[in-house]
Amino acid sequence: MKNERKFDARPKVIGTHKFVDDYHYDGMIYGALIYSKVHHGKIRKITYPNDFKLSEFTIVKLEDIPGKILIPEPETDQPFFADKEVFFYGQIILAVAHPNKNILNNFVKKIKIEYEELSAITDIKETLDNKENTFGKQIIIDHRRNVKVEKNWLKTHSVYYTPHQEQAYLETQAMIAKYDEQNEEMFILGTMQCPFFVKEAVETILGDKIKSVQVETSEGIGGGFGGKEDFPNLLAGITALLSFKSKLPVKIVLDRSDDITITTKRHPARIEVETYTDPQTNKIRKMNVDYRLDAGFYQTLSPVVLSRGVLHASGGYNIEDVYIHGRLIRSNTPPNGAFRGFGAPQAFFAIESHIEKIASELKIESYQFRKINIFRKGDEFPSTQKISEDNLFDCFESIVEKSDYLTKYEKYKKFNQTHKDKLGIGLAIGYHGGGYTGNGEKVLDSEIKIKIDKKAIVTIYISNVDMGQGAHTTLAQLFSETIDHPFELTNVHIPNTKICPNSGPTVASRTIYIVGNMVSDLARKIKKDFGFDNLKNFVKQNKQIFPKEFSAKYKPDPNISFDENTYQGTGYKDYSWAACAVELYYHADTYQIELLNCWSMLDIGHVVNPKIAVGQAEGGVLQALAYGSSEFFYKKGFGRMHGFTDYTLPTTMDIPKLFIDFIHTDNEIAKGLGEVPMDYPAPAVRNAFFNATGIFIDEIPLIPETIFHAMKKEKKL
Amino acid sequence: MKISFTLNNKKVSIDTEPTKRLLDVLREDFKMMEVKESCGEGECGACTVLLDDKPVTSCLLNIIHVEGKKVFTSEGLSKKFLGKLLIDCFDETNAVQCGFCFPGFLVTSYHYLKTDGEANLEKIKVALSGNICRCTGYQKIFESVMLACLRNDSTGGKS
């Protein structure tokens with residue numbers, strides 16, 4: 001537990017750390033993407049402006065693809081370019097490149113595409129309400145145990161909705177492709193989370209026209225949050241095709257408007273929850289969940305988001321009889337993709353809101369109700385996986401104490417009886433499985449490499465990126481701490497598919513949890529195999545052995561298994577647990593909520609670098625609070641959102657005080673941290689508002705419009 | 001059109017379109033890659049520079065308005081006492097995450113330290129409200145600027 005400083009902090013503050021747009025290659029030209037401005041239609045005609053020399057431009061379309069036209073994804077169904085028909089606003093039709101950025105931009109503005117418009121499904125709520133829009137594989141977790149519903153049991157039913165959320169990484173999507181004609185090699189440099197996914201995409205689009213593809217990340221990756229998990233595959237494929245055709249290096253940097261319009265976002269969800277609670281014991285005895293995600297037009301990685309969603313869909317409560325049905329819904333909007341939380345924030349919004357509803361119908365305090373039903377050691381998930389620790393309960397108890405929840409709850413109740421404006425405090429719990437779902441890590445078969453040179457300088461070679469989470473610093477610290485080697489002598493190589501082994505994608509809260517623990521294990525093995533106490537001295541005395549490389553592969557736990565068909569077994573080997581309290585002030589005249597405080601208590605096992613961990617959690621919590629309270633994406637008419645003026649992100653003036661803490665456990669494993677802070681704060685906002693006003697809200701964000709409509713519905717206006 | 005101005009203490013001039021954005025002049029003509037473009041509409045502050053000692057978003061400013069003025073970028077400020085102090089504080093608190101917004105934060109925080117500098121959280125929040133950070137939740141940025149204010153105070157405001 002040391003607070004080693006980040007490798008890259010100083011150059012990042014000064015601005016010398018290089019992001020994609022800061023790279024330049026001789027002869028480089030610039031590319032742009034031309035995409036559909038209708039939701040669904042047949043392309044009738046494409047007209048290029050006639051006041052430009054067409055021969056100066058490189059133009060690529062579907063028919064220029066020498067390899068395969070579908071982008072590799074968990075469900076390979078999306079083509080790099082639209083063919084004769086477009087299915088969503090933002091679908092790429094062609095790409096253009098030119099040596100001069102201004103000429104390129106003017107040319108692009110003047111390209112005319114005529115469509116025969118066809119009917120489209122774009123109203124998110126209506127789309128999700130209609131089961132007929134279901135597509136792809138459905139997932140069922142059947143943990144029914146023939147519990148007979150008694151007459152006096154309380155039936156509680158509600159439907160919850162969550163919207164799109166934009167990752168809004170500050171560095172937009174950007175890629176450079178450099179084709180080496182002589183050696184038939186393609187070099188890609190980009191901002192991305194998964195270099196080996198990008199490699200596969202470029203190999204797919206170019207097929208046997210090239211011998212090899214090398215992918216490297218830029219020095220800095222200006223945020224990802226999941227948004228750079230799969231879109232870079234599409235962008236790299238197209239940039240590579242432009243470079244292949246023009247035989248020149250090509251750079252594409254999306255402007256904010258294009259980025260918001262065409263890239264992946266968090267899946268909107270409709271989650272229907274039905275529970276039966278025994279009023280004698282206040283135990284939830286039976287639960288049915290219908291979990292639907294709007295995938296957009298193509299499935300791409302949505303089946304994987306769905307699988308994580310259903311595995312988190314019954315929340316942190318021990319319920320004997322559970323039935324979860326998950327499905328994807330198709331709409332004429334861009335494919336939704338990965339975003340921190342990956343299906344879980346939607347689930348926790350529904351469940352944590354629902355818990356509040358049951359408690360209010362039972363007329364007991366929701367804190368007591370949670371306490372009765374919350375997961376304890378020995379309980380089980382609907383997948384039958386046993387809960388092996390009591391840390392969720394500990395987080396919960398601790399947050400109630402830290403936030404002084406019970407006192408404030410009573411105090412605000414009195415305050416609210418005599419005031420038009422209201423005060424509220426609300427609770428929520430959450431958890432997140434670390435690493436890939438089920439057998440995913442086994443399939444990934446990650447590999448790492450460590451090189452020790454003659455000066456005892458250690459370099460870790462992995463394919464996981466540092467996009468701001470501080471992963472590279474933390475990984476180096478893990479190595480250095482494990483065998484007590486100076487941190488200053490430990491480095492992480494920039495991810496490059498030719499130089500680094502494939503340690504898997506930078507997703508699923510797996511970089512420290514999976515790869516980091518592999519690094520620690522390998523460090524211990526090196527020490528044990530050589531039998532040294534001090535690596536530096538050992539290298540000094542045995543110079544002839546060095547430089548030397550060591551590698552290791554992921555070793556799956558042979559004692560766990562997961563059935564991909566029945567969703568029974570160990571969904572995730574380890575879970576990070578969390579609880580949260582949010583306090584807010586409601587301005588009755590303007591229907592606005594003002595967040596005052598947010599306390600989070602997390603269990604992430606071994607906290608490697610507390611300052612880095614707290615910082616990452618604070619960022620996740622704020623994204624989640626904004627998801628619950630302010631970030632708004634149109635439900636209808638995709639394509640109207642053009643930038644940060646429309647999609648407003650929290651500024652320094654919009655935020656509550658954030659308190660982050662970790663419970664102390666004797667767990668030596670560093671568990672996942674990236675996603676869990678995103679999972680629970682949004683429902684805590686909603687529950688604080690419910691406690692403040694008694695108004696039931698079934699959707700986020702709690703912007704004045706949402707509150708106004710909910711009040712109208714409850715006839716409180 | 002010829003435009004002359006002072007850039008990080010050096011006199012420079014450039015022959016360019018008067019409507020070219022200051023951001024593009026800095027990045028393309030002067031290769032000052034520390035000035036970042038994120039939103040392109042003056043919302044996020046990633047492209048903030050000092051123009052005659054005031055923070056401005058260089059994506060909203062045509063170069064013609066810079067004629068005869070003084071421009072400082074984050075890299076220029078990083079060589080000054082308060083710039084160095086701030087960088088130390090951002091580093092020490094592990095505040096920096098993806099880092100794309102930080103050159104803008106450095107410029108704005110520098111301006112706050114120079115013009116006010118009180119270790120007052122509410123004032124710092126107001127001063128930084130034109131800069132968006134998506135990674136950090138801002139807490140460690142506040143902590144860093146607060147720390148810089150306190151340290152600057154203890155040096156007797158050596159700036």
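The values are calculated or read from the model by the stated rules, or taken from the named source; none is laboratory data. None of these values were measured; they are calculated from a predicted model. Cβ atoms come from the backbone with ideal geometry, glycine included; neighbour counts cover every protein chain shown.
Observations on the structure shown:
- All positions within the stretch A:1-37 that are more than 13 Å from chain B (Cβ to nearest Cβ) and part of a loop (DSSP other than H, G, I, E, B): A:Met1, A:Tyr25, A:Asp26, A:Gly27, A:Ser36, A:Lys37
- Selection within the stretch A:299-335 - in a strand (DSSP E or B) and either touching a Cys at 6+ places or on another chain (Cβ under 8 Å) or touching a residue at least 60 places away in the same chain (Cβ under 8 Å) (or both): A:Asp321, A:Val322, A:Tyr323, A:Ile324, A:His325, A:Gly326, A:Arg327, A:Leu328, A:Ile329, A:Arg330
- Those residues of the stretch A:495-516 which are out of contact with any helix residue (DSSP H, G or I) (no Cβ under 8 Å at 6 or more places or on another chain) and assigned to a helix (DSSP H, G or I), in sequence order: A:Tyr513
- Residue identified as more than 28 Å from A:Thr665 (Cα to Cα) and in contact with a Ser or Thr (Cβ under 9 Å, 6 or more places away or on another chain) among A:Glu365, A:Glu389, A:Glu356: A:Glu356
- Enumerated strands (runs of 3 or more DSSP E) restricted to the stretch A:191-298, each holding at least 3 residues that are touching a residue at least 40 places away in the same chain (Cβ under 8 Å) and basic (Lys, Arg): A:283-296
- The number of residues in the stretch A:607-649 being without any contact (Cβ under 8 Å) to a residue 40 or more places away in the chain, facing chain B (nearest Cβ under 8 Å) and either basic (Lys, Arg) or touching a Leu at 6+ places or on another chain (Cβ under 9 Å) (or both) comes to 1.
- Within the stretch A:423-473, considering residues that are touching a helix residue (DSSP H, G or I) at 6+ places or on another chain (Cβ under 8 Å) and part of a helix (DSSP H, G or I), the one nearest to the other protein chains (Cβ to nearest Cβ): A:Thr473
- The lone criterion from (1) more than 10 Å from every other protein chain (Cβ to nearest Cβ); (2) touching a helix residue (DSSP H, G or I) at 6+ places or on another chain (Cβ under 9 Å) left unmet by A:Asp666 is number (2).
- Of the residues screened, A:Phe197 is one that is at pLDDT 95 or above, more than 14 Å from chain B (Cβ to nearest Cβ) and in contact with a helix residue (DSSP H, G or I) (Cβ under 6 Å, 6 or more places away or on another chain).
- Scanning the stretch B:105-159 for residues that are within 13 Å of chain A (Cβ to nearest Cβ), of a type in the set (A, V, I, L, M) and over 28 Å from A:Gly220 (Cβ atoms) returns B:Leu121, B:Val126.
- With respect to the conditions (1) buried (at least 23 other Cβ atoms within 10 Å of the Cβ); (2) within 14 Å of chain B (Cβ to nearest Cβ), A:Val202 lacks only one, and its number is (2).
- Strands (runs of 3 or more DSSP E) completely within the stretch A:45-142 that count 1 or more residues being among the charged types (D, E, K, R) and touching a residue at least 12 places away in the same chain (Cβ under 8 Å): A:112-117
- A:His24 buried (at least 19 other Cβ atoms within 10 Å of the Cβ) and out of contact with any Leu (no Cβ under 6 Å at 6 or more places or on another chain): no
- Of all residues assigned to the stretch A:78-90, none qualifies as being surrounded by 15 or more Cβ atoms within 10 Å (Cβ to Cβ), out of contact with any Pro (no Cβ under 9 Å at 6 or more places or on another chain) and within 30 Å of B:Asp29 (Cβ to Cβ).
- Test: residue in the stretch B:102-122 that is more than 23 Å from A:Ala168 (Cβ to Cβ), small (Gly, Ala, Ser) and not assigned by TED's automatic domain parsing to the domain that holds B:Thr16: yes
- From the options A:Gly315, A:Gly326, residue that is at pLDDT 95 or above, closer than 25 Å to A:Glu75 by Cβ and not hydroxyl-bearing (Ser, Thr, Tyr): A:Gly326
- Which listed residue is within 23 Å of the chain's Cα centre (by Cα) and on the phi > 0 side of the Ramachandran plot, from A:Gly516, A:Gly468, A:Gly531: A:Gly468
- Checking A:Glu675 against (1) surrounded by fewer than 20 Cβ atoms within 10 Å (Cβ to Cβ); (2) acidic (Asp, Glu); (3) under 22 Å from the mean Cα position of the chain (by Cα), the condition it does not meet: (1)
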